[in-house]
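K.L.:
Have a look at the structure that comes next, please.
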Amino acid sequence: MRVPLSWLGRHVDIDGVSVDELSEQLTFAGAEIEHVDRIGALSPDAVLGRILSVEAPRPDLRYFLVEVGRGDPVTVVSKAPNLLDAAAGTAIAVALPGVSVFTRKDDGSLALKAVSAKETWGRLSQAVGCSDFELGIGPDHGGVRVLDSKAAPGTPVSQLVALPEGSPADCVLTLAILPNIARCQSVLGVAREVGALRSAPTRLDVKEAQLDFISDEALNPTSDDAALCDRFAVALVQGVVVGPSPEWMQARLLAAGLQPINNVVDASNFVMVELGQPTHAYDADRLPSLKLHVRPSGPDEAFKPLTADDDAPASLLPGGLPLIVSNGQPVAQAGVMGGFETQVTESSTRLLLESAHFDPIAVRRSQAATLTYSESSARFSRGTDPAGVERAIRRILALLSETCPDLQVVGTGLWAPVPLPQRSIVLDADQLNAALGLDLPRPRIAELLKRAGFGLDAETAEGPWTVSVPSFRGDVEGPHDLHEEVARLEGYDRMPATMPVEPVPQRPQPRDTVLRRQLEDALVAAGLHQTVSYSLTSPEAEDRLFAGLQEAPERAYTTLLNPTSQERRVMRRSLLGHLVEHARDNLRHGDAAHLFEIGPVFHPEASTDVDGLPAEPLMLAVVMVGAAHPATLHAPQPPAVDFFDLAAALDQALGALHAGGLSRSPTRRRSYHPRICGALSLNGQPIGHLGALHPAVATAFDLDGRQILAAEIRLEPVLSAASDSFFAPGPPRFPGIDLDLSLLMDGSVTAGAVLDVARQAGGPLLQGLTVFDVYRGKGVPAGQQALGLRLQVRDDARTLRMEEAEAVRDAVVAALGAALQASLRG
């Protein structure tokens, strides 16, 4: 909502108040000022420029080098006749890039144009020399304003020239209209708010036509449902002459962000900005019937909005949207947009003016369903004042009478099945003070409420009040809203800082939450970085995980009914897709990406919910790409991360939960390299897998040539098996004996199988077992491998003899030979 200060100042006393002070007051009270625009001469970048030198490439053209007090001098290209003889030292008005200056369109109506640096008559013009008209300080458009001033270059024009009464140069506040500030969707609404905040006198009356809305069966509008439209007024007028609106009105509309069109449309828009009540004017001679009706749209009903191109076909509407129809034919999307066929044209002489109060929720759904947004729907969707329906038509008639002297009201109609609501709230001053932590006297509370437009039955010395709520405050529903009004007007900054009387309850965290945070900390300690991704994705994005297959497998997805985009239309089935994307993006700025994410995935086929909601297993995903560790002085080119780095990080992180024995075994899985993939088990229960993604997957994610190490783990069994307490052995009292073996065996035997057999054969004296080397190559027969195995033998009660340690070694070698045909290398 753009509010020109010149317009606002006509309805509330703001003399002597700076723009910054006013903006701060409104923002602190809840009406947030997003930014402040200054138009024409009021712009700080409309400045005095002093000519340094002149070039004359043609008799009617000059290139000026101008000092503007903002860095280097700028070039101004001009054909202004009054500057053809200008010499160095002349002071002129210059608009720098970004300044909004006034201009005229081909039809003579006012318009605003933003100054920009551009090529003009053979030279780059870095600024514009401005006339009085362009600056909004006078009608002269014949030449650039020459300033008779000795002020320094860069001095704002607003400090050098007095603005005449009614000048279109203006300062504009842009308000963020949030749902609880809908009352500020008009100039009068903002004036009322400023008056309440500053205790300033307001002037909220505007010129209106004298008109009583008398029922006329030929004109009375109707509605299918009073909940959809509870107030609907129309007026049939003749003697209309469509033409330009007065220039003062055009200037105000431009400052408010609306482009002048003609006197009829401009009057309707002017009333919408001034009163906050949208209206619409129909060409009465193009309506099928003068009797309008509000109803929901039927299935596949066609409607062409007035913003459509002439040759564009009508669009099919979804069912259930509020429409205004004439003789059954849609002539407006209620509260959103008028129709193409009944719009006002230059030949229109009879109008049917319409003003109504629509259900905000219905209008919100309507604009969202058709993706049609307008200034009208912005107001209706947040709520308008039902008492302003008839007033808006009276105001339009008063404005139109200025350009249409023969204007005559032929008839009126009104649909008002229910009277205007008379709402009241019982307010207890003691409860208000207790809720706000204040000690305001009753007269002060009454004063603040009256300033905001509320009425009090009687200012009694004690007991509750009955507070009447004005019709423009649809957001006020109970005493708590009145508490907020008093707090706003008294000032949030005046609230005393107090400590809570009651202690803040400490809510214990669920066990799974505590364990999850412990796991996150352990993963970070293992060198990984946590990411958080959208739960929404697209099937095409997840198909890249199956790039190594001829065809992606069929997968069921949980699909959104109303997605914000095609890239976010289904719930994810895997964490890996987004995680690999994050790794790719991070590799653009570094040489490694070691990432993890913990979150739910969504599997509708595994649903056990009675309502059919998808199963949501909690998953851990890890992706490691690039260097294994940062470069150091001793390792300036660190090796690339490999399978064992990934396995070590998972061992460290999952080991922090003390959930039991974690084991790995070779397997094959879609998306993974066929020879670098392992299944993860916890206490014999499968929980996930790890390995290198298929090279085709890396290519699909624009990581061609890089090895992507990844893991996916179901966390429910891990968290369930996690132990709150664990045994921490002390240092051994007696020395142990380490024995290294070099074993020859078939190349298909896994290290896990060797460890399992060795542990069973070693007995209680075998307290440590490590595979420290695997060798294939020269000296080892083809198809076989040499595996280095370290045995740690120790007795906790005494010092072992070498013969006892060797007996354990022999038992291990014998068991490996029997089970795996392994033998000691000679």
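The values are calculated or read from the model by the stated rules, or taken from the named source; none is laboratory data. All of these numbers come straight from a predicted model, not from anything done at the bench. Glycine also receives a Cβ, built like all others from the backbone with ideal geometry; neighbour counts cover every protein chain displayed. For accessibility, only protein heavy atoms count, side chains too; no ligands or nucleic acids. Shrake-Rupley method; radii C 1.70, N 1.55, O 1.52, S 1.80 Å.
K.L.:
Which residues, counting only those in the range 194-219, are open to solvent by 10 Å² or more (accessible area, probe 1.4 Å) and under 18 Å from Glu274 (Cβ atoms)?
P.N.:
Thr202, Arg203, Leu204, Asp205, Val206, Lys207, Glu208, Ala209, Leu211
K.L.:
Run down Leu163, Leu124 and say which single residue is open to solvent by 60 Å² or more (accessible area, probe 1.4 Å), closer than 28 Å to Val74 by Cα, in a strand (DSSP E or B) and in contact (Cβ under 8 Å) with a residue 24 or more places away in the chain.
P.N.:
That would be Leu124, the only listed residue that is open to solvent by 60 Å² or more (accessible area, probe 1.4 Å), closer than 28 Å to Val74 by Cα, in a strand (DSSP E or B) and in contact (Cβ under 8 Å) with a residue 24 or more places away in the chain.
K.L.:
Of Phe727, Phe701, which residue is among the aromatic types (Phe, Trp, Tyr), farther than 23 Å from Arg517 by Cα and either in contact (Cβ under 8 Å) with a residue 40 or more places away in the chain or out of contact with any Pro (no Cβ under 9 Å at 6 or more places or on another chain) (or both)?
P.N.:
Selected residue: Phe701, the only one of Phe727, Phe701 that is among the aromatic types (Phe, Trp, Tyr), farther than 23 Å from Arg517 by Cα and either in contact (Cβ under 8 Å) with a residue 40 or more places away in the chain or out of contact with any Pro (no Cβ under 9 Å at 6 or more places or on another chain) (or both).
K.L.:
Does Thr349 satisfy the condition of being modelled with pLDDT of 95 or more, in a loop (DSSP other than H, G, I, E, B), under 27 Å from Gln408 (Cβ atoms) and open to solvent by 30 Å² or more (accessible area, probe 1.4 Å)?
P.N.:
For Thr349, the condition - modelled with pLDDT of 95 or more, in a loop (DSSP other than H, G, I, E, B), under 27 Å from Gln408 (Cβ atoms) and open to solvent by 30 Å² or more (accessible area, probe 1.4 Å) - is met.
K.L.:
Additional query: Taking into account only those residues within the range 52-98 that are in contact with a helix residue (DSSP H, G or I) (Cβ under 8 Å, 6 or more places away or on another chain) and under 17 Å from Thr155 (Cβ atoms), which is surrounded by the fewest Cβ atoms within 10 Å (Cβ to Cβ)?
P.N.:
Thr90
K.L.:
Yes or no: the range 18-40 includes at least one residue that is under 23 Å from Ala117 (Cα atoms) and open to solvent by less than 20 Å² (accessible area, probe 1.4 Å).
P.N.:
yes
K.L.:
From the list Ala751, Ala822, Ala728, which residue is of a type in the set (A, V, I, L, M) and either at pLDDT 95 or above or surrounded by 17 or more Cβ atoms within 10 Å (Cβ to Cβ) (or both)?
P.N.:
Step by step, each of Ala751, Ala822, Ala728 is checked, and only Ala822 is of a type in the set (A, V, I, L, M) and either at pLDDT 95 or above or surrounded by 17 or more Cβ atoms within 10 Å (Cβ to Cβ) (or both).
K.L.:
Which of (1) in a strand (DSSP E or B); (2) within 17 Å of Arg544 (Cβ to Cβ) does Ser742 not meet, given it meets every other one?
P.N.:
The number of the failed condition is (2).
K.L.:
Next question. Give all pairs with beta carbons closer than 7 Å in which a residue from the range 418-432 that is over 22 Å from His357 (Cβ atoms) meets a residue that is assigned to a strand (DSSP E or B) and open to solvent by less than 80 Å² (accessible area, probe 1.4 Å); count only pairs at least 6 apart in sequence or on separate chains.
P.N.:
What qualifies is Val426/Thr466; Leu427/Trp465; Leu427/Val467.
K.L.:
Do you know which residues across the range 752-767 are hydrophobic (A, V, I, L, M, F, W, C), in contact (Cβ under 8 Å) with a residue 40 or more places away in the chain and part of a helix (DSSP H, G or I)?
P.N.:
Result: Ala753, Val754, Val757, Ala758, Ala761.
K.L.:
Of the residues Ala547, Ala583, Ala525, Ala592, which is on the phi < 0 side of the Ramachandran plot, touching a residue at least 60 places away in the same chain (Cβ under 8 Å), among the small types (Gly, Ala, Ser) and in contact with a strand residue (DSSP E or B) (Cβ under 6 Å, 6 or more places away or on another chain)?
P.N.:
Within the list Ala547, Ala583, Ala525, Ala592, the selection yields Ala583.
K.L.:
A further question on this structure: Working only within the range 220-240, note down all residues that are under 18 Å from Arg395 (Cα atoms) and surrounded by 16 or more Cβ atoms within 10 Å (Cβ to Cβ).
P.N.:
Arg231, Phe232, Ala233, Val234, Ala235, Leu236, Val237, Gly239, Val240
K.L.:
In the list Arg714, Arg668, which residue meets the criterion of being in contact with a Cys (Cβ under 9 Å, 6 or more places away or on another chain) and open to solvent by 10 Å² or more (accessible area, probe 1.4 Å)?
P.N.:
Arg668
K.L.:
May I pose another question? If we only count helices (runs of 4 or more DSSP H) wholly inside the range 382-478, which ones have 1 or more residues that are open to solvent by less than 70 Å² (accessible area, probe 1.4 Å) and within 21 Å of Val271 (Cβ to Cβ)?
P.N.:
Where helices (runs of 4 or more DSSP H) fall fully within the range 382-478 and carry at least 1 residues being open to solvent by less than 70 Å² (accessible area, probe 1.4 Å) and within 21 Å of Val271 (Cβ to Cβ), they are 389-400.
K.L.:
Related question: Looking only at the range 696-708, decide whether some residue is part of a strand (DSSP E or B) and surrounded by 15 or more Cβ atoms within 10 Å (Cβ to Cβ).
P.N.:
Within the range 696-708, none of the residues are part of a strand (DSSP E or B) and surrounded by 15 or more Cβ atoms within 10 Å (Cβ to Cβ).
K.L.:
For residues in the range 127-155 being small (Gly, Ala, Ser) and free of Cβ contacts under 8 Å to residues at least 60 places away in the same chain, which is nearest to Arg58 (Cα to Cα)?
P.N.:
Ser131
K.L.:
Somewhere in the range 353-365, is a residue farther than 26 Å from Ser471 by Cα and of a type in the set (A, V, I, L, M, F, W, C)?
P.N.:
no
K.L.:
Which of the following residues is under 28 Å from the mean Cα position of the chain (by Cα), within 19 Å of Arg555 (Cβ to Cβ) and assigned to a strand (DSSP E or B): Gly577, Gly599?
P.N.:
Gly599
K.L.:
Please verify whether Ala653 is out of contact with any Asp or Glu (no Cβ under 7 Å at 6 or more places or on another chain) and open to solvent by less than 50 Å² (accessible area, probe 1.4 Å), treating the condition exactly as stated.
P.N.:
Considered against the rule, which asks whether it is out of contact with any Asp or Glu (no Cβ under 7 Å at 6 or more places or on another chain) and open to solvent by less than 50 Å² (accessible area, probe 1.4 Å), Ala653 comes out as yes.
K.L.:
Separate question: Can you find a residue in the range 627-643 that is within 23 Å of Leu515 (Cβ to Cβ) and open to solvent by less than 60 Å² (accessible area, probe 1.4 Å)?
P.N.:
No, the range 627-643 has no match at all.
K.L.:
Now for a different question. Determine whether Thr799 is at pLDDT 90 or above, part of a loop (DSSP other than H, G, I, E, B) and among the hydroxyl-bearing types (Ser, Thr, Tyr).
P.N.:
So Thr799 passes the test.
K.L.:
Continuing with this model, one more query. Of Leu323, Leu306, which residue is under 30 Å from Trp7 (Cα atoms) and out of contact with any His (no Cβ under 8 Å at 6 or more places or on another chain)?
P.N.:
Answer to the selection: Leu306.
K.L.:
Just to verify a result, which residue in the range 4-59, among those that are among the aliphatic types (A, V, I, L, M) and under 24 Å from the mean Cα position of the chain (by Cα), is nearest to Thr90 (Cα to Cα)?
P.N.:
Checked the range 4-59; the qualifying residue nearest to Thr90 (Cα to Cα) is Val36.
K.L.:
So, in the range 136-160, exactly how many residues are open to solvent by 30 Å² or more (accessible area, probe 1.4 Å), of a type outside the set (Gly, Ala, Ser) and assigned to a loop (DSSP other than H, G, I, E, B)?
P.N.:
Within the range 136-160, residues that are open to solvent by 30 Å² or more (accessible area, probe 1.4 Å), of a type outside the set (Gly, Ala, Ser) and assigned to a loop (DSSP other than H, G, I, E, B) number 8.
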